[in-house]
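Report on the structure given below.
The values are calculated or read from the model by the stated rules, or taken from the named source; none is laboratory data. In this text, all values refer to a predicted model and were calculated from it rather than measured experimentally. We place every Cβ from the backbone using ideal geometry, glycine too, and count neighbours over all the protein chains shown. Only protein heavy atoms, including side chains, enter the accessible area calculation; ligands, DNA and RNA are left aside. Shrake-Rupley method; radii C 1.70, N 1.55, O 1.52, S 1.80 Å.
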Amino acid sequence: MSVAPVRSRIRGVVGESVERPDAVAKVKGEFQYGSDLNREGMLFGATLRSPHPHARILGIDVSGARRMSGVRAVITSAELPTRELFGLMKLDQPVLATGRVRYAGEPVAIVAADTAEEARVAARAIAVRYDVLPPITDAVAALQPGAASLHSKGNVIEDVLVAHGDPDARADVVVEGEYELAMQDQAALGPEAGLAIPRRDGGVELHVATQWLHEDLRQIAPCLGLPESKVRLVLAGVGGAFGAREDVTLQIHACLLALATKRPVRMTYGREESFYGHVHRHPAKLWYAHGATKTGELVFVRATIVLDGGAYASSSPAVVANAACFGAGPYRVPSARIHAVGAYTNNPPTGAMRGFGAVQSCFAYEAQMDKLAAKLEMDPVVLREKNALRNGDRIVTSQPVEGSAPVAEIVRRCADLPLPEMEIPRDPIGLPGGAGNLTFGEGVRRGTGLAAGMKNVCYSHGFDDFSTARVRLMRDERGPLARVHTAAAEVGQGIVAVCVQIARTELGVQRVEIDPPDTTIGSAGSSSASRQTWMTGGAVLAACREVKAELLSRARRTGRSLDDLPALLEEPIDKTVTHRHPDTEPRDVNTQNQGHVAFLFAAHRAVVDVDVDTGLVKVVQVATAQDVGKAINPLAVVGQIEGGIAQGLGLAVMEEVQLAEGKVRNASFTDYLLPTTLDMPTVVVDLIEHPHPDAPYGAKGVGEPPTISSTPAIVAAIRAATGRELNRVPVRPDDIVFGAPYRSGWRIRPGDDPRGAVRA
Amino acid sequence: MKLTVNGDEREVDAADHESLLTVLRERLGLPGSKNACEQGECGSCSVLLDGALVCSCLVLGAAAADREVRTVESLADGDRLHPVQRAFVDMGAVQCGFCTPGLVVSTYALLKENPEPSEQEVREALSGNICRCTGYGKILEAVQRASAGMYGR
Ligand code: FES
Ligand code: FES
């Protein structure tokens, strides 16, 4: 049975670069993002946030705010319909601070008013009396026995031990190091935004820019005191996400205000509030020891990793697990002990960001691999090739890597990509400092570095991971048409194009339309963990195959040819399928089992010019080889890779949410620096396509690996250029000029429980 | 106050402190110009004011009185995309698209001034437009394609 003759006429199928279905609306300025939503008679919401990272609330006086012009509702924790808490993985976060605030920026009260300005002014007029408490801002300190408890069960959010092989393994050569990563912001350009519309049945409809409609629904409904059936979510246009929209931000607040006022309410965060409103990437402190034979075979990896979860858990448990599971990298390691702990502190909450725990450990283990190569006097590329995971090898959780694991190939192909033609330029514009004209090149050194990384795709550790798709094949006056309905959040990554391509390929129909994602269909899971192509792509594929089977049976029954689609589609065909990947196992004590579905691998090579006098860095080129399984839309795959590298570059040399005593010091794009066209180098991409047998068309997912090993590659290049240790990112000019390495102030033997740390 | 927006004379009531961006988005029903930072740092709000490229979030609405504003909404001719827009679509320069209207307007302004910019000139000209999704590679290619499209090369 084949529909090949039909398919051959179809353009824009799987494997071809296609135009995104939303691209035209986006270039015309017509695409409707969350912050563009409008309704007749709508009110505007605003949030009052705590200025203190840790305090008891003694009293809140809203009387002044209530009397102000245009104000329609003021809600504090006293007016909430329920005492329900929310949270992605633990219900630990109050909708509005109740008696206590745990981070600077925590919502304390919300206001709805006729104009955005009136709402903001009224929120500021709410008088809160605080009893300020000392904040805990060092995650290692938070874990020590004497530390004040920030939550009823103490300050440990999650504690994951990976114990593999021989705990007493000895090696000829050992290298140790301690590392730190600062807090990174996702900095999606579209601010958090949503519009809540009260319904006649007492329920509410929320249009919101999010990564996961159904998970929002699960958290929102109980906090409103409503059954899920009375809350409907519709995806508003999403201006980038990168993990920041995995958590609830303004969703519950907007709904509460709409229900209280019986009017539509729009909430939009400004940039500053966005920095307080969403979770960030976990800052991390890591202590590592690597042991190897004289000839460079890895013998053991020992590591202790402390992740700062901030005031509430968010997705910290899974981030901690990832940091531990992938803590040895894409290498064969016979013995490992990796102890990762996530701690509650009074810093802003942290959660999902592209790379999700794998970013933190990769920075450390790749620095370690270079140290080891130096000590062994080996080429770092050869050391990596020698230890690279191969198909069937077990990672440190004892899970074999199956399907596609071309690590040595990735490393070699990346290392062999053409280097930039240009020598260190003469013209200052091309040198570090650029238009600042800071050098004529006297102090500029060039360096090259390489790093490789790995991560899981899809959800792990027994989570019931699924996506639902409905595919309808019909005809209208213009001929056959397929409609695809899923709840998958298009956040920029291009899942809408993937769904169109799959439907075209499977059904042999040119016209495919995507229905707006909402909660009237089953969950698609989150647009995260590089999983939508695998999961929602897989669901669309399965639904299309059911549609096709029905088509074929109609053809058989009626004796018509498949080319006679209009006749076969007198009645539309409508199939809904829920797609699951093979089960994974929940974590056991030593994290030694089949916890993950499959693994993603990439390698990056960076070339940098560094001005050793000013400490400024110009990244000249990043080259990458990545195994994507199969590129469904190659143009978009390259776009994901280049964009992910930009975020890795940001973490390497400029991006840091600066905290002082728990308060964000740089909550603006003026002070939080993002890579621009002048910072991003040329990127050379080598796509490797070894199809994974369980994935649709073999496509493994693309989004995260570019952000994982690009950071350590760039830092390795800066080390090569300067000889500095550079064990902290982002690398600051002072780190280069003065060369003082980062020191955590704690003594921990790599692999030990951080709860036994002593002050250095 | 009165101003000309995309060729039409418009009259609008705007509070003194309101930015041109807010006036466009909230008062004139033109949300195409975006509001990513409202601090002059990202370029997502780029418009042409009397032909000059500005960040509309940094211009007071009142300052646009009796002047001419062009926004992203004016570039396409109905269903026919402007060559800059076409190039952004074709070259894969659009992901989430939040930066796109600003980049399209900035690119248009650049290519009006300089029909065949070098790569370095493009990088300089667009350095005020932040894109968090693409890493700029496809955007730089789109600008070159747009230059060819606009000047029929
Ligand atoms: S919104 Fe105007 S520059 Fe960012
Ligand atoms: S496409 Fe998302 S910010 Fe540029």
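Structure summary
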{"quantity": "Mean separation of Cα contacts under 8 Å (6+ apart) over length of the stretch B:2-72, as relative contact order %", "calculated": "41"}
{"quantity": "Percent antiparallel among DSSP beta bridges (both partners in chain A, rounded to 5)", "calculated": "75"}
{"quantity": "Rounded to whole Hz, the Karplus (6.51, -1.76, 1.60) HN-Hα couplings of the stretch A:220-229, x for glycine and proline", "calculated": "6, 3, x, 6, 8, x, 10, x, 4, 5"}
{"quantity": "Heavy-atom SASA rank of A:356, A:466 (probe 1.4 Å, accessible area, largest first)", "calculated": "A:466, A:356"}
{"quantity": "Segment residue A:9-residue A:83, length gained on full extension (0.36 nm per residue, minus Cα span)", "calculated": "20.8 nm"}
{"quantity": "Label-point separation in nm, residue A:478 to residue A:32, each point 7 Å along Cα→Cβ", "calculated": "2.0"}
{"quantity": "Two-site FRET efficiency, residue A:201 against residue A:513, from Cβ-Cβ distance with R₀ of 30 Å, rounded to 0.05", "calculated": "0.50"}
{"quantity": "Hydrodynamic radius (Kirkwood) for the stretch B:83-150, which is based on Cα pairs only, to one decimal in Å", "calculated": "11.4"}
{"quantity": "Added length on full extension, which subtracts the Cα-Cα distance from 0.36 nm per residue, residue A:570 to residue A:170", "calculated": "136.7 nm"}
{"quantity": "Calculated FRET value between residue A:391 and residue A:686, using beta carbons and R₀ = 25 Å, to 0.05", "calculated": "0.80"}
{"quantity": "Sequence-separation-based contact order of chain A, relative, with Cα cut under 8 Å and 6+ spacing, percent", "calculated": "17"}
{"quantity": "For residue A:576, solvent-accessible area (1.4 Å; no DNA, RNA or ligand), Å²", "calculated": "80"}
{"quantity": "Inter-site label distance for residue A:115 and residue A:578 at 7 Å from Cα along Cβ, in nm", "calculated": "4.9"}
{"quantity": "For the stretch A:438-544: relative contact order, % (alpha-carbon pairs under 8 angstrom, 6 or more apart)", "calculated": "34"}
{"quantity": "Partner chain coverage, peptide A:634-643 - average Cβ within 10 angstrom", "calculated": "5"}
{"quantity": "Value at 222 nm in deg cm²/dmol, rounded to 500, when DSSP H runs of n ≥ 4 in chain A each add -39,500 (n - 2.57)", "calculated": "-7500 deg cm²/dmol"}
{"quantity": "Whether the stretch A:369-440 is rounded, prolate or oblate, judged on the alpha carbon gyration tensor where a/c under 1.5 counts as rounded", "calculated": "prolate"}
{"quantity": "Shape category assigned to the protein assembly as shown from the gyration tensor of Cα positions, a/c cut at 1.5", "calculated": "rounded"}
{"quantity": "Förster radius 25 Å - calculated FRET efficiency between residue A:262 and residue A:129 (Cβ-Cβ, nearest 0.05)", "calculated": "0.20"}
{"quantity": "Residue among A:126, A:486, A:434 farthest towards the positive dipole end of the protein assembly as shown, charges placed on Cβ", "calculated": "A:486"}
{"quantity": "Ordering of A:473-482, B:107-116 by packing [mean C-beta count within 10 Å, highest first]", "calculated": "B:107-116, A:473-482"}
{"quantity": "Selected from B:103, B:58, B:81 as most flexible by GNM, with chain B as the system and alpha-carbon contacts under 10 Å", "calculated": "B:81"}
{"quantity": "Local electrostatic count at residue A:748 - Lys and Arg +1, Asp and Glu -1, tallied over other residues with Cβ under 14 Å", "calculated": "+2"}
{"quantity": "Set of lysines with alpha-carbon distance to residue A:575 below 16 Å, sequence-local pairs under 8 removed", "calculated": "A:548"}
{"quantity": "Pairwise centroid distance, computed over Cα atoms, of the stretch A:468-500 with the stretch B:33-48, Å", "calculated": "32"}
{"quantity": "Residue order for A:28, A:575 - accessible surface, 1.4 angstrom probe, largest first", "calculated": "A:575, A:28"}
{"quantity": "Cα centroid of the stretch B:68-122 to Cα centroid of the stretch A:344-385, whole Å", "calculated": "39"}
{"quantity": "Virtual spin-label span in nm between residue A:593 and residue A:56, 7 Å along Cα→Cβ", "calculated": "4.4"}
{"quantity": "Accessible area in the full protein assembly, largest first, 1.4 Å probe, for A:286, A:417, B:60", "calculated": "B:60, A:417, A:286"}
{"quantity": "Violating pairs (Cα-Cα greater than 24 angstrom) within the set A:26/A:618; A:285/A:386; A:371/A:455; A:28/B:112", "calculated": "A:26/A:618; A:285/A:386"}
{"quantity": "Those aspartates and glutamates that a straight Cα-Cα span of less than 19 Å connects to residue B:138, excepting residues fewer than 8 apart in one chain", "calculated": "A:16, A:19, A:22, A:642, A:679, A:686, A:704, B:90, B:116, B:119, B:121, B:124"}
{"quantity": "Average accessible surface area per residue within chain B, 1.4 Å rolling probe, Å²", "calculated": "39"}
{"quantity": "10 Å Cβ neighbours from other chains, averaged over peptide A:13-25", "calculated": "3"}
{"quantity": "Mean ellipticity per residue at 222 nm, deg cm²/dmol - from DSSP H runs of n ≥ 4 across chain B, formula -39500 (n - 2.57)", "calculated": "-8500 deg cm²/dmol"}
{"quantity": "Full-stretch length increase - residue A:463, residue A:379 - with 0.36 nm per residue and alpha-carbon distance subtracted", "calculated": "26.2 nm"}
